[in-house]
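This report concerns only the one structure given below.
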Amino acid sequence: MDIINKTNLLQRALYTLDDAKNETFKPKEDIVTHSVCSKLRDATYDFLSYFLTSHHVDINDNMTISDMRKLCENIDESFKELNFSSIPCFSENHQENKSYCQEVNMVNNCLRDVEKTRDLIFNNSKSKKVTQ
């Protein structure tokens, strides 16, 4: 993957995360949790894809977010800080868990984990070089 595609991947992840985050600023009864959950899942996938491709690791469409996190962990141990085990859709081949996505508190926990993923990506020195 060339630098332009990686940059587009990162920009898409940032945009999608921002879009999901803006949705959570609505009153609790107006939040479309399923939409937020889907956006957060997509942003996480893009963040991890960006990180892995920046480190010349091949990924495939069958990988779960949890699988990708483990690969990132092999590159940078700080990815061990991410614990996606409480987010079912991150380990179920991107299949949606509708009951999980109905809870605003759960979606907010997911948002926190995605923001932590973003921060790890930006704190990685190799990623900084690509984004500059």
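The values are calculated or read from the model by the stated rules, or taken from the named source; none is laboratory data. Just so you know, these numbers come straight off a predicted model, no measurement behind them. All Cβ positions, glycine included, derive from the backbone under ideal geometry; neighbour counts span all protein chains shown.
For the range 19-37, which positions are in a helix (DSSP H, G or I) and surrounded by fewer than 13 Cβ atoms within 10 Å (Cβ to Cβ)? Hits for the range 19-37 are N22, K28, E29, D30.
Yes or no, residue by residue, for (1) more than 16 Å from the chain's Cα centre (by Cα); (2) within 24 Å of N60 (Cα to Cα); (3) modelled with pLDDT under 90:
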position	(1), (2), (3)
K6	no, yes, yes
E23	yes, no, yes
D30	yes, no, yes
V36	no, no, yes
D42	no, yes, no
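In summary, C72 fulfils each of the numbered conditions (1) free of Cβ contacts under 8 Å to residues at least 12 places away in the same chain; (2) crowded, with 20+ Cβ neighbours inside 10 Å with the single exception of condition (1). Are any of the residues in the range 45-57 more than 29 Å from N105 (Cβ to Cβ), in a loop (DSSP other than H, G, I, E, B) and aliphatic (A, V, I, L, M)? Yes, the range 45-57 contains a residue that is more than 29 Å from N105 (Cβ to Cβ), in a loop (DSSP other than H, G, I, E, B) and aliphatic (A, V, I, L, M).
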